[in-house]
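Trainee: Following this message is one structure expressed as structure tokens.
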Amino acid sequence: EMQRSLVGSEMCIRDSHTSIESRMGQSAVYVWGYHRRYVIAQIFNATLEEVKAQGVDIEKIGGTAEPTATQWQALHALRSKLPKADVSVMTYEPEVGITSKTDGRGMTTYYEYDDMGRLSCVRDNDYNIIQTNHLKLATEK
């Protein structure tokens, strides 16, 4: 529904962030990282101005090869600094895929890949295996 009822939207893919607002007043901010190649944070129910006011330097984060520990901490801190917001933060292995996603409750899911870059294992917040994938090429036995 939010996608169909966008009123004013600020689409700034080159500027490392995207923010949208629906007619119902719902807002979302997407923070880009890894040289603006991957969405590393989704913040629902907060505006771009609110996110920036919490000390998140969105432009600087987007321009780096990988966010620094301080930048990751600033993104995760949004959960407590913006209590009405739903904040998810994702990490990536560039050219391979997502390596972790921490949801709005602070629970992290981890993703592991084999040597060929195929998803091989998914782990929960306690690092328990919740899914495994055993893929073989047609030439493998």
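Trainee: Which residue pairs have Cβ atoms under 6 Å apart, sit 6 or more places apart or on different chains, and have a first residue in the stretch 79-97 that is closer than 15 Å to residue 39 by Cα and a second that is open to solvent by less than 90 Å² (accessible area, probe 1.4 Å) and basic (Lys, Arg)?
Mentor: Once the first residue is closer than 15 Å to residue 39 by Cα and sits in the stretch 79-97, its partners that are open to solvent by less than 90 Å² (accessible area, probe 1.4 Å) and basic (Lys, Arg) give 87/79; 90/101.
Trainee: Looking at the stretch 17-35, which of its residues are over 19 Å from residue 101 (Cβ atoms) and either part of a loop (DSSP other than H, G, I, E, B) or over 15 Å from the mean Cα position of the chain (by Cα) (or both)? Give the derivation first.
Mentor: Pass one, the stretch 17-35, residues over 19 Å from residue 101 (Cβ atoms): 19-27, 35.
Scanning the stretch 17-35 gives 20, 21, 22, 23, 24, 25, 26, 27, 35.
Trainee: Just a yes or no: is a residue in the stretch 26-44 of a type outside the set (Phe, Trp, Tyr) and modelled with pLDDT under 90?
Mentor: Yes, the stretch 26-44 contains a residue that is of a type outside the set (Phe, Trp, Tyr) and modelled with pLDDT under 90.
Trainee: Residues in the stretch 38-51: is at least one touching a strand residue (DSSP E or B) at 6+ places or on another chain (Cβ under 6 Å), under 22 Å from residue 20 (Cβ atoms) and aromatic (Phe, Trp, Tyr)?
Mentor: yes
Trainee: Looking at the stretch 105-114, is at least one residue over 19 Å from the mean Cα position of the chain (by Cα) and at pLDDT below 95? Explain how you work it out, then say what you get.
Mentor: Within the stretch 105-114, the first condition is being over 19 Å from the mean Cα position of the chain (by Cα), and the residues that meet it are 114.
Now drop any that are not at pLDDT below 95, which leaves 114.
Among the residues of the stretch 105-114, at least one is over 19 Å from the mean Cα position of the chain (by Cα) and at pLDDT below 95, which makes the answer yes.
Trainee: Does residue 65 meet the test of being under 22 Å from residue 41 (Cα atoms), of a type in the set (A, V, I, L, M), in contact (Cβ under 8 Å) with a residue 12 or more places away in the chain and open to solvent by 50 Å² or more (accessible area, probe 1.4 Å)?
Mentor: So residue 65 fits the description; yes.
Trainee: Would you mind listing the strands (runs of 3 or more DSSP E) fully within the stretch 68-141 where at least 1 residues are among the small types (Gly, Ala, Ser) and open to solvent by less than 50 Å² (accessible area, probe 1.4 Å)?
Mentor: Passing ranges, in order: 86-93, 97-102, 119-123.
The values are calculated or read from the model by the stated rules, or taken from the named source; none is laboratory data. As the structure is a computational prediction, the values presented were derived from the model and not from experiment. Cβ coordinates were reconstructed from backbone atoms using ideal geometry, including for glycine residues, and neighbour counts include every protein chain displayed. SASA here: full protein model, heavy atoms, side chains in, ligands and nucleic acids out. Shrake-Rupley method; radii C 1.70, N 1.55, O 1.52, S 1.80 Å.
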